Amino acid sequence: MEKTVVQKLEKFFADSKPFRLKKEEIILRPNERIFVLYLLKRGRVRMYAVNNQGEESTIHIFQAPAVFPLMLALTNKHSEYYLQTQTAVEVHSESVEKVLEYIKSQPDILFDLVTRFAKGLNGLSLRISQLAHEHKYVKTIALLNYLVQNFGIRSEKVGEVILPLGHKEIASWLGASRETVTRFMSRLQDKKLIRQQNSELVVTNVFKLEKEAREELEAKVKRSVHHIYN
């Protein structure tokens with residue numbers, strides 16, 4: 001989000017008193033009416049769905065600074081997802097009507113939000129195409145590459161990126177079991193492509209991780225061709 005846009009939004013939301021929430025607090029549940037929008041000043045908020053078997057699937061992660069759940073407010077009056085703090089957060093809130101009225105009067109903010117929506121749709125399209133692969137190991141690497149691009153924190157070491165996510169969160173993104181993800185993480189760790197650092201995941205070399213994904217896909221295609229003609 002552009003600095004000038006952030007400053008304008010902070011000024012607009014300044015009339016409302018900021019409040020803090022602890023990690024893993026539910027902000028919104030499915031079927032609840034969306035009356036307010038939030039300005040996320042610090043921390044991360046996860047949007048996810050739960051299927052009939054009780055399995056969670058991560059839809060999106062909001063990172064400060066962000067206005068949320070703006071897309072849900074524009075398309076529905078009720079939430080279809082859970083919104084839960086992934087870290088301790090600080091937010092301001094304002095009514096949906098006031099926020100939308102203000103955004104409509106600010107072309108630069110509107111353009112910034114449209115750009116962010118476009119990037120989000122592009123990322124979603126990429127995730128859908130990646131998840132179309134049957135090979136779960138390839139899915140895992142593809143997801144890590146996606147997370148590096150969107151949520152990675154650059155380290156001081158060249159090519160190294162920190163992901164503030166654990167195996168549970170990655171499993172939720174993939175719609176896979178935590179045990180399956182842990183097995184693939186161990187495989188990547190043995191290849192020295194990642195390492196665990198407290199509760200965070202460190203991708204030691206993003207270029208080698210991308211290469212691993214390409215090589216795995218090529219190997220999968222070769223195996224498929226061999227199976228067809230033999």
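The values are calculated or read from the model by the stated rules, or taken from the named source; none is laboratory data. None of the values given here were measured: they were computed from a predicted structure. Heads up, the Cβs are rebuilt from the backbone with ideal geometry, glycines too, and the neighbour counts pull from every protein chain shown.
Could you say which residue among V67, V114, V96 is more than 18 Å from N31 (Cα to Cα) and modelled with pLDDT of 90 or more?
Numbers: V114 fails: modelled with pLDDT of 90 or more; V96 fails: more than 18 Å from N31 (Cα to Cα).
Going through V67, V114, V96 in turn, just one is more than 18 Å from N31 (Cα to Cα) and modelled with pLDDT of 90 or more: V67.
Could we say that R46 is buried (at least 19 other Cβ atoms within 10 Å of the Cβ) and touching a residue at least 60 places away in the same chain (Cβ under 8 Å) here? Steps first, answer last, please.
Working: buried (at least 19 other Cβ atoms within 10 Å of the Cβ): yes; touching a residue at least 60 places away in the same chain (Cβ under 8 Å): yes.
Yes: the conditions hold for R46.
Out of all the residues in the stretch 49-64, is one or more among the hydroxyl-bearing types (S, T, Y), in contact with a Ser or Thr (Cβ under 8 Å, 6 or more places away or on another chain) and touching a residue at least 60 places away in the same chain (Cβ under 8 Å)? Even if it seems obvious, please write down each step before you answer.
Let us first name the residues in the stretch 49-64 that are among the hydroxyl-bearing types (S, T, Y), namely 57-58.
Adding the requirement that they be in contact with a Ser or Thr (Cβ under 8 Å, 6 or more places away or on another chain) leaves 57-58.
Narrowing the set further to residues that are touching a residue at least 60 places away in the same chain (Cβ under 8 Å) leaves 57-58.
Yes.
Within the stretch 11-34, track down each residue that is surrounded by fewer than 16 Cβ atoms within 10 Å (Cβ to Cβ) and under 22 Å from Y81 (Cβ atoms). I'd like the intermediate steps shown before the answer.
Initial filter on the stretch 11-34 (surrounded by fewer than 16 Cβ atoms within 10 Å (Cβ to Cβ)): 11, 14-15, 17-20, 22-26, 29-33.
If the condition is that a residue be surrounded by fewer than 16 Cβ atoms within 10 Å (Cβ to Cβ) and under 22 Å from Y81 (Cβ atoms), then F19, K22, K23, E24, E25, I26, R29, P30, N31, E32, R33 are the ones that fit.
Mind counting the residues in the stretch 202-212 that are modelled with pLDDT of 90 or more and basic (K, R)?
0
The rows are residues; the columns are (1) modelled with pLDDT of 80 or more; (2) closer than 22 Å to M47 by Cα; (3) not assigned by TED's automatic domain parsing to the domain that holds M47.
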residue	(1), (2), (3)
I153	yes, yes, yes
G175	no, yes, yes
S186	yes, no, yes
E200	yes, yes, yes
R214	no, no, yes
K220	no, no, yes
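In this structure, does V203 turn out to be aliphatic (A, V, I, L, M) and farther than 24 Å from E56 by Cβ?
Numbers: aliphatic (A, V, I, L, M): yes; farther than 24 Å from E56 by Cβ: no.
No: the conditions fail for V203.
Among the candidates L201, L165, single out the residue that is in contact with a Leu (Cβ under 7 Å, 6 or more places away or on another chain), in a loop (DSSP other than H, G, I, E, B) and crowded, with 20+ Cβ neighbours inside 10 Å.
On the way: L201 fails: in a loop (DSSP other than H, G, I, E, B).
When all the criteria are applied, what remains is L165.
Quick one: in the stretch 71-99, which of the residues that are in contact (Cβ under 8 Å) with a residue 60 or more places away in the chain and assigned to a helix (DSSP H, G or I) is surrounded by the fewest Cβ atoms within 10 Å (Cβ to Cβ)?
Initially, the stretch 71-99 is screened for residues in contact (Cβ under 8 Å) with a residue 60 or more places away in the chain, giving 84-96, 99.
Keeping just the survivors that are assigned to a helix (DSSP H, G or I) gives 96, 99.
On the way: V96: 18, V99: 21.
If we take residues in the stretch 71-99 being in contact (Cβ under 8 Å) with a residue 60 or more places away in the chain and assigned to a helix (DSSP H, G or I), then V96 is surrounded by the fewest Cβ atoms within 10 Å (Cβ to Cβ).
Does the stretch 45-64 hold any residues that are among the charged types (D, E, K, R) and either touching a His at 6+ places or on another chain (Cβ under 7 Å) or modelled with pLDDT under 85 (or both), and which are they? Give the steps one after another, and end with the answer.
Of the stretch 45-64, the ones among the charged types (D, E, K, R) are 46, 55-56.
E55, E56, listed by residue number.
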